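The structure appears right after this line, and notes come after that.
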Amino acid sequence: MGVEAIQSQEVIKNEEIVVPETSILRHPCREVKLDGLNKAVLEKIPTEQRPLPVFEGDWFLANIGTDVDPLFLELRFAPLSPEQSIALLMTTERSRQNEVIGGRMVEVLEDAGIRFNCALGIPELGNPLAQAMSVHKDEHFYWASVGQKGRTGEPMPKPWLNSECSIVYQSGTKPYDQVLYVDPVVAKEVARRKELESGGIVIGDDARLSGGSIEAAIKALRRTGEVLDLDLEPSAVISVLNEHEETKQILGVPYFSLAKVPIFRNLENGYQPIEGTFEVVNNFYVEFD
């Protein structure tokens, strides 16, 4: 995971840190030789450094922990276009790591004072995280997928869904319009639990890129109508990564993420963070091979 040498008229010292191997959630496609040390040596690069570093390898480290107790999530670069790439998180690839990530999500929400007894995952990649959050709550906690995704101009993906409770939206990773259908049975169960237990709903997703799928989920849950009257207000939204603009709310709903990560410019020798896409990020991390 090399990085291009940094040259700057203003000298900003990079810091070398050593972390236990258990502090890095390795990507399953990445093979690392530990040489019996069970530790990793990282270079901490201040984001004020100019010019910005160029990441020469295939992997990017995002700190989903804290500065005091870091937890690094290893992500792979994936192209959005010939010009730009993202640091991609695929929860379907993560297996047991989802429980660790889900635990961090619960911790962040509870530290912020968010009360909730239900988590709805945005399909498909948010679903494993909603399930993982339930592992860290009590037996009465309920999780489900917020619904199903379809495409405009095509039949509903499942016959038990209702077009009255659907939202058309655009995703940052799809070249076509999508439709989010809320499952009416799930929605009614969420409403029942919220009324009986005075609990709250959180929406969970892997990443916020364009914000389209999260906004669609909020709008769909708020839907009212004669056939299906949901009128559900989420208590919060949380994603593992935020690759969109920095914000504390989405459509008036409190928003949290575990890490803010950049969008990257594709270069011949690697990937360079794009200025303006990593607000509130203090450092980048590079692993010495």
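Let's see how each residue does on (1) assigned to a strand (DSSP E or B); (2) in contact with a Lys or Arg (Cβ under 9 Å, 6 or more places away or on another chain); (3) modelled with pLDDT of 95 or more:
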{"site": "Gly103", "(1), (2), (3)": "no, no, yes"}
{"site": "Glu110", "(1), (2), (3)": "no, no, yes"}
{"site": "Gln131", "(1), (2), (3)": "no, no, yes"}
{"site": "Asp138", "(1), (2), (3)": "no, no, no"}
{"site": "Trp143", "(1), (2), (3)": "yes, yes, yes"}
{"site": "Gln148", "(1), (2), (3)": "yes, yes, no"}
{"site": "Pro155", "(1), (2), (3)": "no, no, no"}
{"site": "Val168", "(1), (2), (3)": "yes, no, no"}
Can you tell me which residue among Gly199, Gly225, Gly211, Gly172 is in contact (Cβ under 8 Å) with a residue 12 or more places away in the chain, buried (at least 19 other Cβ atoms within 10 Å of the Cβ) and not aliphatic (A, V, I, L, M)? Gly211
Can you tell me how many residues within the range 232-250 are within 18 Å of the chain's Cα centre (by Cα) and either surrounded by fewer than 18 Cβ atoms within 10 Å (Cβ to Cβ) or outside the structural domain of Ala217 (by TED's automatic domain parsing) (or both)? 5
If we keep only residues of the range 33-48 that are hydrophobic (A, V, I, L, M, F, W, C) and exposed (fewer than 15 other Cβ atoms within 10 Å of the Cβ), then the residue modelled with the highest pLDDT is Val41
Would you check which residues across the range 49-80 are assigned to a strand (DSSP E or B), surrounded by fewer than 17 Cβ atoms within 10 Å (Cβ to Cβ), touching a residue at least 40 places away in the same chain (Cβ under 8 Å) and hydrophobic (A, V, I, L, M, F, W, C) and list them? none
Condition (residue is at positive phi and either modelled with pLDDT of 85 or more or not acidic (Asp, Glu) (or both)) applied to the range 190-198: is it met by at least one residue? yes
Filter the range 96-115 for residues that are touching a residue at least 40 places away in the same chain (Cβ under 8 Å) and farther than 24 Å from Tyr285 by Cα and give the result. Leu109, Ala112, Ile114, Arg115
Flag for Glu226 being modelled with pLDDT under 95, among the acidic types (Asp, Glu), in contact with a Leu (Cβ under 8 Å, 6 or more places away or on another chain) and within 30 Å of Ala144 (Cα to Cα): no
Any chance the range 229-250 includes a residue that's touching a residue at least 60 places away in the same chain (Cβ under 8 Å) and touching a Cys at 6+ places or on another chain (Cβ under 8 Å)? yes
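The values are calculated or read from the model by the stated rules, or taken from the named source; none is laboratory data. Since we're looking at a predicted model, the values are computed, not measured. In this analysis, Cβ positions are derived from the backbone assuming ideal geometry, glycine residues included, and neighbour counts consider all displayed protein chains.
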